[in-house]
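See structure below.
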Amino acid sequence: MKNKILVALIVTIGLLLICYVLMNNSENEDNSSTNEKEQNDTTVINVETFSNNSFSEGVEQNLLVEIGICDTLIDGFKLPCEPNFFRFFPLQKNKPLKDGFILLVNSRGYKDSKSFFTQRRVFVFERERGKLVEVNKFKANLVELRVSKLNGYYDLLLRFRDSKKDVFYCSYRWTNGKYNLYKCEEIAEYGDRAPRKVKIEFIDSVSIEIDELLKNEGLAF
């Protein structure tokens with residue numbers, strides 16, 4: 001009798017474990033399929049590198065001089081106004097650069113003796129009443145532009161590194177006249193070999209915490 005009870009107990013525990021594994025796998029698959037669907041529905045433009053970059057529009061150097069970020073002199077104190085230091089991207093697909101742009105700046109212009117890692121800068125400018133106005137500034141690397149179907153402005157995927165050397169991949173969306181954090185998608189704590197995706201059920205709460213951290217550390221304005 002005792003043996004039958006023991007066998008029944010073992011079988012019950014085994015069935016519960018199997019159900020748990022199947023439910024967990026199903027949840028992961030749902031999360032994965034949701035992320036994959038969102039990725040598949042989005043046109044992505046990879047933008048990290050400065051390789052083969054050029055000022056193809058013919059207005060880039062004038063825009064750099066207008067915002068005062070570079071130096072046309074060979075021995076100037078600022079970075080030279082050259083495409084190996086500055087890369088332009090339009091705010092909107094059909095909007096000319098002279099009316100607004102996203103600017104990726106080489107990290108060579110921002111040496112930090114206190115940090116082992118040098119970080120690039122991302123500036124966002126839009127022309128208002130004839131003048132270029134800085135609406136966003138990030139101490140981060142621009143990883144991707146994503147074509148948004150909401151308002152015509154590109155979504156941005158940025159990679160941040162905080163003071164603890166943790167890395168955050170966060171997407172930004174244009175709302176209320178500027179880029180605001182939409183969600184943080186992947187995190188790599190210092191020492192991790194690769195970033196880990198944030199689970200769907202935690203994205204909102206994690207993104208709120210990271211948004212506050214980035215602002216407090218002066219990584220996002």
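A few points about this structure:
- Neighbours by Cβ (under 6 Å, 6+ apart or cross-chain): first from the stretch 192-214, under 12 Å from Phe168 (Cβ atoms); second among the aliphatic types (A, V, I, L, M) and part of a helix (DSSP H, G or I): Val198/Val206
- Criterion applied to Lys149, Lys165 was being more than 30 Å from Pro96 (Cα to Cα) and modelled with pLDDT under 95, and the one residue passing it is Lys165.
- Pick from the stretch 169-181, criterion more than 14 Å from Glu144 (Cα to Cα) and in a strand (DSSP E or B), ranking: nearest to the chain's Cα centre (by Cα): Leu181
- Any chance Leu150 is in contact with a Lys or Arg (Cβ under 8 Å, 6 or more places away or on another chain), in the same structural domain as Phe86 (by TED's automatic domain parsing) and buried (at least 18 other Cβ atoms within 10 Å of the Cβ): no
- Taking the stretch 182-217 as the range and being assigned to a helix (DSSP H, G or I) and of a type in the set (A, V, I, L, M, F, W, C) as the test, the residues that pass are Ile200, Phe202, Ile203, Val206, Ile208, Ile210, Leu213, Leu214.
- Selection within the stretch 79-95: residues that are more than 17 Å from the chain's Cα centre (by Cα) and basic (Lys, Arg). The member of this set that is farthest from Leu64 (Cα to Cα) is Lys93.
- Residue satisfying condition, being surrounded by 13 or more Cβ atoms within 10 Å (Cβ to Cβ) and out of contact with any helix residue (DSSP H, G or I) (no Cβ under 7 Å at 6 or more places or on another chain), within set Glu186, Glu201: Glu186
- Residue in the stretch 23-38 that is farther than 30 Å from Lys164 by Cα, at pLDDT below 85, loosely packed, with under 15 Cβ neighbours inside 10 Å and in contact with a Pro (Cβ under 9 Å, 6 or more places away or on another chain) present: no
- Test: residue in the stretch 128-136 that is touching a Ser or Thr at 6+ places or on another chain (Cβ under 8 Å), under 22 Å from Gly100 (Cα atoms) and either crowded, with 18+ Cβ neighbours inside 10 Å or touching a residue at least 60 places away in the same chain (Cβ under 8 Å) (or both): no
The values are calculated or read from the model by the stated rules, or taken from the named source; none is laboratory data. Not measured: the values here are computed from a predicted model. All Cβ positions, glycine included, derive from the backbone under ideal geometry; neighbour counts span all protein chains shown.
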